[in-house]
Amino acid sequence: MRFYSLLLLFSTVILAQTNYPKDYFGVPLDIPMLVSGNFAELRPNHFHAGFDLKTLGKEGAEVHAVADGYVSRIKISPFGNGNAVYINHPNGYTSVYCHLQQAVGDIGDYIKKTQYKEKSFEIEVFLKPSDLVVTKGQLIALSGNSGSSEGPHLHFEFRDTKSEKIINPLLFGYDKYFKDTKKPSLSAVYVYPLDEKTVVNQSKRPLLLNLSLQKDGTYLANRVLANGKIGFGITAIDYDTNSNSTNGVYKVQSYLNGKESFGYQMDTYSFDEMRYINALVDYSKYRKTGQRVQKLFMTTPYALSILKTDAANGVITVVPNLSSVYRIEIADFFGNTTIVNVPIGYDASTPIVEKETVNSNYYVKTNRENNFAKNNWSVFFPAGTFYENFNINFDVRNDSLYLHDGYTPVHSSFTITVEDFKYTEEQRDKVYIADVDSKGRLGYNYTTRKGNVFTTKVKSLGKYTLARDTTNPSISIVSSIEGKWLSTQKTVQLSISDSGSGIKSYNGYLNGNWVLFEYDYKTRRITHTFSDGVVAEGANELKVVVMDEVGNSTTFETHFYRSQK
């Protein structure tokens with residue numbers, strides 16, 4: 001345990017010594033840099049990997065390369081980062097531009113050529129240094145709202161080219177474009193009893209502490225009286241003066257009697273560490289209330305490199321005849337700091353509030369494999385699936401698997417297997433393992449089959465069942481073009497959807513030739529642009545084929561006329 005803490009401390013010191021170039025990179029937008037999301041902001045299942053830069057609430061802002069280099073990677077997807085361009089720079093860093101409306105110039109031409117070559121809207125390509133060279137300030141794209149973006153903006157980030165670790169853009173001198181005189185905002189401090197015997201302020205459940213603002217600008221929490229092991233958690237956000245957007249905090253450090261206890265600083269981390277956010281926050285509270293409480297302790301250590309802890313991993317043992325002061329400092333990149341002090345004393349009072357009852361029939365240890373089976377269902381948890389040991393509820397009722405609840409975080413995939421005795425061999429081609437939400441809605445999980453045995457890998461606890469999808473996808477034209485002349489129309493759009501397993505693929509054909517349709521899953525529309533040059537002079541036959549995840553398909557056909565003259 002002590003070696004693990006020293007390793008984290010050593011890693012943090014090494015990171016702090018990195019000298020990042022401050023004046024090498026330019027700005028990606030011509031408009032002022034205003035953030036709607038900052039680096040390492042807390043997001044569902046991940047830390048935010050860069051800046052979300054505002055684009056005046058609309059698409060089409062010019063996006064420029066921030067330094068000389070070459071396009072090393074292009075990924076086009078209706079999900080995640082959407083349309084994304086990666087540029088490697090000769091100084092060892094990579095800049096990334098995401099949620100683009102479209103790339104322009106040679107980059108845009110390369111993308112379109114590749115999509116037609118692969119006959120797919122979704123592509124991912126890795127390029128050689130000589131393929132697409134760019135210069136600092138070169139226009140490379142227009143900003144957009146593609147992928148999982150919730151509004152027009154540019155997601156902009158930096159990575160170490162060799163290690164692919166993500167790096168806070170502020171470390172490259174971008175702090176000079178922001179003005180920030182505001183302290184982080186602390187909205188809550190919680191204290192947690194960390195074992196079965198511990199009582200805190202006569203409660204065996206986590207408690208919200210009252211805070212009072214002091215004359216010196218610090219906060220004082222009400223006195224914590226406990227016996228045994230306790231830990232603390234905070235809810236805090238940050239604002240910058242320019243944009244007034246809600247951001248994540250840069251640095252948190254706690255102290256016990258003046259000595260560092262638990263802390264982290266959002267400078268750099270790897271993509272492999274992203275999901276550890278579910279260990280850092282009180283995941284159960286987040287799922288139940290939407291509130292992200294950042295825990296300042298680890299009962300079971302996890303490998304998040306930004307953490308710096310003492311030998312106790314932030315856990316405090318309250319003993320008789322010893323009073324302590326716990327201090328939390330929350331800072332932004334510019335040094336604005338919010339401080340709260342928590343007095344701690346010993347008290348052996350019996351609890352008034354007992355620990356919340358957990359319905360369970362098995363015990364899971366995170367450092368070992370766990371396998372459970374009942375009736376025709378079985379579940380296999382590899383070692384490291386969970387962050388902590390816990391009591392799990394496993395049951396099979398009414399042909400469905402009940403696997404604890406959705407309030408316990410899962411770090412890595414586990415396997416669910418079910419043997420089917422209900423469907424015929426022919427029917428099983430349309431069967432998959434579905435997750436079932438609280439409203440009874442089914443979610444598709446990629447499922448493999450050998451005979452009558454179905455298997456899937458998932459990352460969430462909850463209810464699962466076998467489902468069969470026999471419904472074909474839906475296709476409809478947004479505006480009828482049947483038999484019409486479309487000489488001035490720039491695009492043709494169709495709406496596609498599926499009420500069962502979900503859409504797996506879609507393909508469009510003009511006069512028998514494959515044509516590119518761009519898919520926006522948020523609007524459920526696919527769009528073909530006539531400027532691609534595939535449309536014929538005069539009569540044109542359009543066919544679109546959509547297939548769902550289990551092989552049900554629908555074909556839509558129409559015809560129209562177009563003059564290019």
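Can you find a residue that is closer than 24 Å to residue 445 by Cβ, touching a Ser or Thr at 6+ places or on another chain (Cβ under 6 Å), of a type in the set (Ser, Thr, Tyr) and not assigned by TED's automatic domain parsing to the domain that holds residue 216 anywhere in region 361-371? No, region 361-371 contains no residue that is closer than 24 Å to residue 445 by Cβ, touching a Ser or Thr at 6+ places or on another chain (Cβ under 6 Å), of a type in the set (Ser, Thr, Tyr) and not assigned by TED's automatic domain parsing to the domain that holds residue 216.
Of the listed requirements (1) on the phi > 0 side of the Ramachandran plot; (2) within 18 Å of the chain's Cα centre (by Cα); (3) not aromatic (Phe, Trp, Tyr), residue 282 misses just one: (1). How many residues, within region 381-418, are in contact with a His (Cβ under 8 Å, 6 or more places away or on another chain), more than 25 Å from residue 450 (Cβ to Cβ) and of a type outside the set (A, V, I, L, M)? Residues in region 381-418 being in contact with a His (Cβ under 8 Å, 6 or more places away or on another chain), more than 25 Å from residue 450 (Cβ to Cβ) and of a type outside the set (A, V, I, L, M): 4 in total.
Can we say residue 544 is surrounded by 15 or more Cβ atoms within 10 Å (Cβ to Cβ) and without any contact (Cβ under 8 Å) to a residue 40 or more places away in the chain?
Details: surrounded by 15 or more Cβ atoms within 10 Å (Cβ to Cβ): yes; without any contact (Cβ under 8 Å) to a residue 40 or more places away in the chain: no.
The answer is no for residue 544.
Of the strands (runs of 3 or more DSSP E) entirely within region 349-464, those holding at least 3 residues that are aliphatic (A, V, I, L, M) and over 19 Å from residue 283 (Cα atoms) occupy 431-436. Residue count for region 432-464 under the criterion of being of a type in the set (Ser, Thr, Tyr), within 20 Å of residue 503 (Cα to Cα) and either crowded, with 19+ Cβ neighbours inside 10 Å or outside the structural domain of residue 420 (by TED's automatic domain parsing) (or both): the result is 4. Would you confirm whether or not region 218-228 contains a residue that is under 25 Å from residue 317 (Cα atoms), over 28 Å from the mean Cα position of the chain (by Cα), loosely packed, with under 14 Cβ neighbours inside 10 Å and polar (S, T, N, Q)? Scanning region 218-228, I find no residue that is under 25 Å from residue 317 (Cα atoms), over 28 Å from the mean Cα position of the chain (by Cα), loosely packed, with under 14 Cβ neighbours inside 10 Å and polar (S, T, N, Q), so the answer is no.
At least 1 residues being under 33 Å from the mean Cα position of the chain (by Cα) and within 23 Å of residue 447 (Cα to Cα) is the threshold, and among the strands (runs of 3 or more DSSP E) wholly inside region 469-526 those reaching it are 474-477, 491-497, 503-510.
Which residue, of 368, 275, is closer than 29 Å to residue 167 by Cα and basic (Lys, Arg)?
Working: 368 fails: closer than 29 Å to residue 167 by Cα.
Only one candidate passes the filter, namely 275.
Whether a residue is closer than 21 Å to residue 294 by Cβ, touching a residue at least 60 places away in the same chain (Cβ under 8 Å) and either surrounded by fewer than 19 Cβ atoms within 10 Å (Cβ to Cβ) or among the β-branched types (Val, Ile, Thr) (or both) was assessed, and residue 209 does not pass this test.
The values are calculated or read from the model by the stated rules, or taken from the named source; none is laboratory data. Bear in mind the structure is a predicted one, so any value in this text is a computation, not a measurement. Using ideal geometry, Cβ is built from the backbone for each residue, glycine included, and neighbour counts are taken over all protein chains shown.
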